Amino acid sequence: MRLSRFYMPLMKETPAEAQIVSHRLMLRAGLIRQQSAGIYAWLPLGKRVLAKIEGIVREEQNRAGAVEVLMPTIQSADLWRESGRYDAYGPEMLRIVDRHDREMLYGPTNEEMITTIFRDTVKSYRALPLNLYHIQWKFRDEIRPRFGVMRGREFLMKDAYSFDIDGEAARRAYRRMFIAYLRTFARMGLKSVPMRADTGPIGGDLSHEFIILADTGESQVFCHRDLIEMPVPGADFDYEGDTEAVVAQRTSLYAATEEMHDAAAFEALPEDKRVTARGIEVGHIFYFGTKYSKPLGAKVAGPDGNDVLVEMGSYGIGVSRLVAAIIEASHDENGIVWPESVAPFDLALVNLKPGDAATDEACARIYRELGAAGRDVLYDDTDERVGAKFAAMDLIGLPWQLIVGPKGLAKGEVEVKDRRSGARETLTVEAAIGRFAAKPAA
Ligand code: P5A
């Protein structure tokens, strides 16, 4: 993409309304624009990051055996009356009346809808285990939307719903998602910590929040230090194999949100293992048994021919919140530092002197050859001041900058800057193309 043809409205001033660094940087780097309280438009850079995050979430859900669907944002109030949650959900639910005076709502979550779809289409235990997920916008009329997309009213969620024949199988489904979550967040460069959590309006008695440690986090958390450093299962993890050992190892170590905190059990840890921190909840998983299948009548014929209510769980990831959480975890005083896996482009190509024939030609060649190799390059071909170009590239935080100017080219050289460390390296044009044409490992 040529920057001269792209749309990337940067802000020079620090926006006064933004209280945390990710919100400030998302506005300054032109990722989002607020439309109403807690409601945002996604501009091209933001949209690209969102798509990268969705892609990783989707790959890991599929790898763990979940199957993608897409349910609507608008739901009927009657569906929620059937489950008994219509009144219980309270003022967070955005209620809408259509032209025929039918009561509708903008879905805050989809347990009811998926349960009725399952009920109407699955009749036998042979179809189980089944886990259906979608990536779809939600609306919660949060009393205090804040911190940009971190706590929005409209936000993008991945929500998965598992259906099983009994409690034991349902707990297996829960463990698969637990492991998929560890992998998902690790691929985004994040250290996530699973913590025992409250179930709130979703219900059930087994639940974990996945928390990213960050000073600006909304939740106060307590955990065992080893949990933060423990290695995450690799891409070859066998979901058909032993999920129990991986989950048991993690759940045996102390980790709890403020609501679930057991100060005595935390005291009991050796002092150097006690971590008290703030964190951002990027995922939340629930096992709630028959809470929805019972009122909505989701049953299957079991092996003996008798109907059984299915055991369910649900599993959420805050996809739009993750954009902000990643920035909280990865930035410096000059701007965002994207992990390669979620960066909006693979690298920046900076032309220091557009109009100079040799520079334009070298840039055109690099841009062409890296494009042909499948690299997504943001080519700064504008005639901005050099200082402004560097500041803009640091602000938007692509992992690499390939800097091309007449002085270096006279010696056949270009410069490569690593955004994270700031380290610079001089390479020949060929070597630079060779370096970036090689596909980085997923
Ligand atoms: C699990 C999937 C649920 O809704 N039902 C379907 C269950 N869980 S949850 O914890 O309430 O939400 C899941 C994740 O969504 C993100 N999230 C938000 N992101 C941005 N703004 C919000 N207002 C918001 N509310 C929830 C969180 O990451 C949460 O873990």
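The values are calculated or read from the model by the stated rules, or taken from the named source; none is laboratory data. Please read all numbers here as calculations on a predicted model, not as lab measurements. With ideal geometry, Cβ positions are generated from the backbone for all residues, glycine too; neighbour counts draw on all protein chains shown. These area figures cover heavy atoms from the full protein model, side chains too; ligands, DNA and RNA do not enter into them. Shrake-Rupley method; radii C 1.70, N 1.55, O 1.52, S 1.80 Å.
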Collect the residues in segment 373-405 that are free of Cβ contacts under 8 Å to residues at least 40 places away in the same chain and aliphatic (A, V, I, L, M), keeping them in residue-number order.
386, 388
Can you name the number of the only condition in (1) open to solvent by 20 Å² or more (accessible area, probe 1.4 Å); (2) assigned to a strand (DSSP E or B) that residue 279 fails?
(1)
Residue identified as under 32 Å from the mean Cα position of the chain (by Cα), at pLDDT 95 or above and over 30 Å from residue 180 (Cα atoms) among 321, 368, 385:
368
Could you identify the single residue in 288, 266 that is within 16 Å of the ligand (Cβ to nearest atom), more than 17 Å from residue 186 (Cα to Cα), outside any loop (DSSP other than H, G, I, E, B) and touching a Ser or Thr at 6+ places or on another chain (Cβ under 9 Å)?
288
Kindly provide the set of residues from segment 128-161 that are more than 10 Å from the ligand (Cβ to nearest atom), assigned to a strand (DSSP E or B) and aliphatic (A, V, I, L, M), ordered by number.
130, 132, 135
Output for segment 331-366, where each listed residue is open to solvent by less than 10 Å² (accessible area, probe 1.4 Å), out of contact with any Lys or Arg (no Cβ under 6 Å at 6 or more places or on another chain) and either within 23 Å of residue 50 (Cβ to Cβ) or outside any strand (DSSP E or B) (or both):
335, 336, 338, 343, 345, 347, 348, 363, 366
Test of understanding: among 259, 168, 244, 240, which residue is part of a loop (DSSP other than H, G, I, E, B) and either open to solvent by 10 Å² or more (accessible area, probe 1.4 Å) or not aromatic (Phe, Trp, Tyr) (or both)?
240
With the first residue restricted to segment 314-326 and required to be farther than 12 Å from residue 137 by Cα and of a type outside the set (Gly, Ala, Ser), and the second required to be near the ligand (Cβ under 6 Å from one of its atoms) and part of a helix (DSSP H, G or I), Cβ contacts under 8 Å at 6 or more apart or on different chains are none
Counting only residues in segment 81-101 that are open to solvent by less than 50 Å² (accessible area, probe 1.4 Å) and assigned to a helix (DSSP H, G or I), the one nearest to residue 155 (Cα to Cα) is identified as 90
